[in-house]
Each structure stands twice: as structure tokens, then as C-alpha cells.
Amino acid sequence: MSSGKWAKTIGFLIVLLAASTGMSAEYPNELDGFKLFAKYCPGLEPMKSTVDDVKKVLGEPLKDKSEKFVLWFEKDGWQILVYIYPDNGEYPSHLAGKVVGSIDFISIKPVSFAAVKFPKAFNKADIRAADARWDEYYDAFGLVYEVYASKPPYGDKGPGDLNRVSYRPAPHKVIQMQSFRIRNLNDAVKAKSPQH
């Protein structure tokens with residue numbers, strides 16, 4: 001069997017396994033008890049799904065909280081923020097203003113992650129912002145869990161509590177998009193350069 005057929009067979013088996021176990025094919029490392037993407041966003045995919053796709057799955061966003069490039073939903077104690085690639089000239093035209101960049105779940109009430117042991121599939125980064133510090137646990141598929149390491153100045157969450165679960169494009173897809181952006185920029189520069 002050729003390597004291409006093996007890859008297709010393995011891909012099919014992963015999707016079949018995901019479907020039979022209730023895990024997301026896009027995010028196979030979702031933690032037990034927090035399989036939010038599989039539950040609320042079946043069929044959606046960052047860098048591929050459109051605003052219309054999101055509305056078919058999640059319904060109409062909350063008009064009083066949504067913004068131009070952020071669709072806001074609330075379901076079962078979760079704020080679901082769907083970020084759309086902005087139409088600001090930085091992203092390819094087939095994505096800008098139309099396509100999902102990431103989907104974030106923020107718990108309305110504090111959810112302790114103090115006792116959670118992340119599997120080896122996750123790396124850890126210490127993030128420091130002006131208003132808070134958190135640990136970011138991320139995998140190779142674009143799944144990120146942010147856990148507060150300090151108390152933010154707002155709300156009732158504190159160290160060890162979940163900040164958000166973020167479903168982003170896999171890093172290799174982001175690299176492909178960045179390459180696309182660089183090629184387009186190079187082509188634009190060449191087009192404006194005088195010919196010798």
C-alpha cells in the first residue's frame with residue numbers, strides 16, 4: 001500500500017474512532033468532562049467554517065454582546081466567543097470577515113483546574129498580561145486550556161481556576177496561512193518594483 005493510501009486509511013480510522021468515542025476529530029486531546037467542542041460545535045472548524053456555518057450549529061448570537069468580528073453565545077453556563085478573522089488587510093481575502101479564527105469557551109462560574117493533571121500531549125507556557133497571569137496548556141492540534149496563576153482584578157475567579165478553553169487552528173495550518181500572507185506580500189512588492 002502506498003504512503004498516500006496509508007495516510008488516508010489512518011485518517012479515516014481516526015475520524016471513525018472519534019465518532020465512536022464521542023471525541024472531536026479536530027481536537028482528540030479534549031479533557032474528560034470538558035469535551036466542549038465535540039458537544040457544542042460539531043462540524044465546525046477554525047480556518048474553514050463560515051459565519052453562516054456557526055449560526056447553523058449555535059443559533060443566532062447575542063446581539064447586545066456580539067461585535068463585528070466576535071460572535072457571542074451563552075449555553076449551559078458557558079460563554080462561547082467565536083472570533084472571525086478581521087477584515088483589516090492582514091489576512092487572505094478568503095478568510096477575512098467571513099471565516100472562524102477560533103472558538104473560546106469561558107465558564108460563567110469559577111471552575112477549579114487546580115487538581116487537573118494535563119497529559120503529555122500538552123505543553124505549558126507561562127503567560128503574563130497587564131491584569132493577570134495564567135498558565136497556557138496547549139497541544140499540537142490547536143487546543144488550549146488557560147488556567148489562572150493569579151487573581152484577575154475583575155470577577156470571582158482566582159489562581160487554579162479555568163480562564164478559558166480555546167479551540168484554534170492547528171499550528172501547521174497557521175504556518176501555511178502565514179506562508180500565504182508572505183507570498184502575497186512578496187508578489188505585491190514585486191508588482192510595485194520598477195522593472196530593470
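Each reported figure results from applying straightforward, stated rules to the coordinates on display, with no laboratory input. Everything numeric in this text was worked out from a predicted model, so none of it was measured. Here the Cβ is made from the backbone with ideal geometry for all residues, glycine too, and neighbour counts use every protein chain on show.
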Computed log₁₀ I(q)/I(0) - Debye formula, equal Cα scatterers, no solvent, the range 27-189, q 0.16, 0.17, 0.19 Å⁻¹:
-1.01, -1.12, -1.31
For the pair Ala115 and Arg128, the simple spin-label estimate (label points 7 Å beyond Cα toward Cβ) gives in nm 3.2 nm
Zone of Glu90's modelled label, taken as backbone nitrogen in the range 50-75 under 16 Å from a point 7 Å along Cα→Cβ:
68-70
